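Step one of this worksheet: look at the structure below.
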Amino acid sequence: MLTRRAFLVGGLATLATAGGTSAWALDRYVVDHVQVSDASAYAQDNGAAGTALDTSAALSTDDKWSADGTTITVKKVETGSGDDKVTYFVADLQLTDATVLRSAFANDEFGENIVENTSTIAADNGAVFAINGDYYGFRGAGIEIRNGALFRGTGAREGIAFYQDGRVELYDETTTAADALVADGAWNTLSFGPALLDAGKVLEGIDEVEVDTNFGNHSIQGEQPRTAIGVIGTNHLALVVVDGRDTGYSRGVTMTELAEIMRGLGARIAYNLDGGGSSTMYFQGKVVNRPSNGGERGVSDILYVAG
């Protein structure tokens with residue numbers, strides 16, 4: 001299966017000779033547009049320093065990692081059978097501090113159409129655990145605060161904000177000032193959605209939500225591979241990657257089914273991230289799930305814990 005980027009490169013390149021519209025589409029969706037280079041240094045200069053983990057800690061079990069009070073446990077879950085089988089991976093993160101969960105960008109650059117595999121970004125940042133993020137680089141709007149620094153302040157949809165004091169809130173980007181979020185201690189914001197749970201309740205209408213309506217949008221409806229992040233308690237998170245598009249192994253899930261998975265894990269707030277071929281979980285040096293493209297698809301960003 002072609003990746004989103006490969007599809008756009010091939011399809012749009014064929015159209016490039018048709019006129020200015022196609023040239024615009026190539027520029028908008030394929031050509032790299034670097035807005036901030038050396039993004040990690042930018043975040044250090046404009047945000048707060050995160051908590052360093054003890055890299056000398058040893059694994060306690062095959063599926064558990066612990067260091068300096070932070071514990072990550074990853075398990076594989078299989079439900080159903082045959083065409084109705086669903087396979088997903090759950091990471092339970094108990095953090096000593098909210099800033100232990102960090103963000104990183106492909107090529108350490110912020111901008112549009114810049115992509116690398118989740119595992120590559122993770123390895124470049126010394127991650128012991130990582131999942132794909134919100135693929136911010138596919139769109140030009142959406143508030144993006146990463147590691148305490150504001151990279152983009154244009155609101156467009158429902159977002160989720162993780163604060164340095166451990167608070168997590170769903171919010172309307174279109175009525176929120178990005179600078180105010182930073183001033184209030186926002187550490188990471190994600191802009192994709194929809195929100196799945198609020199106060200432990202499955203939100204209505206989530207199976208009909210469209211995140212993007214621009215050219216090249218892939219539907220997020222129906223049974224799909226998924227990535228989600230949920231809040232169980234202060235500095236206690238559940239991160240889930242559902243495999244899909246693979247009959248007999250995992251069909252994928254609807255948005256409501258994803259919400260029910262998160263609720264079953266005890267999450268009171270949960271939020272959908274980029275899915276489909278992007279859905280990837282990396283743990284202790286390897287990708288543990290089975291990405292639907294037959295291999296990893298390049299993404300613009302990850303969430304990770306350093307090891």
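Counting every other Cβ atom within 10 Å of each residue's Cβ, Thr234, Thr256 order from fewest to most as Thr234, Thr256. Highest-first packing order for the peptide set 64-74, 277-287, 202-212, 163-173 is 277-287, 64-74, 163-173, 202-212, based on the mean count of other beta carbon atoms within 10 Å. With a cut-off of 13 Å between beta carbons, the residues surrounding Leu196 carry a summed charge of -2, where Lys and Arg count +1 and Asp and Glu -1.
Classification of segment 99-166 by its C-alpha gyration tensor yields an oblate form. The axis ratio a/c (a ≥ b ≥ c) is 1.5 or more, and b/c is at least a/b. Legend: Rg and Dmax of segment 36-306, from Cα coordinates, 17.0, 52 Å. The alpha-carbon of Lys201 sits under 15 angstrom from the alpha-carbons of these aspartates and glutamates, leaving out residues fewer than 8 places away in its chain: Glu169, Glu257, Glu260. Listed by Cβ neighbour count within 10 Å, with the fewest neighbours leading, Glu257, Glu144 appear as Glu257, Glu144. Each Lys or Arg adds one and each Asp or Glu takes one away; over the other residues whose Cβ falls under 14 Å from the Cβ of Asp179, this sums to -2.
By a straight-distance test (C-alpha under 23 Å), which lysines pair with Lys286 as possible cross-link partners, with residues fewer than eight away in the same chain excluded? Of all the lysines, those that pass the test against Lys286 - Cα under 23 Å, at least 8 places apart if same chain - are Lys64, Lys75, Lys76. Phi angles across segment 131-144 convert, under the Karplus curve 6.51 cos²θ - 1.76 cosθ + 1.60 with θ = phi - 60°, into 3J(HN,Hα) values of 10, 5, x, 9, 6, 4, x, 7, 9, x, 9, x, 5, 10 Hz, Gly and Pro given as x.
Only the coordinates and a few stated rules stand behind these numbers; no lab work does. Just so it is clear, the structure is predicted and the values come from calculations on it, not from any experiment. So basically every Cβ, Gly included, is an ideal-geometry build from the backbone, and we count neighbours across all protein chains shown.
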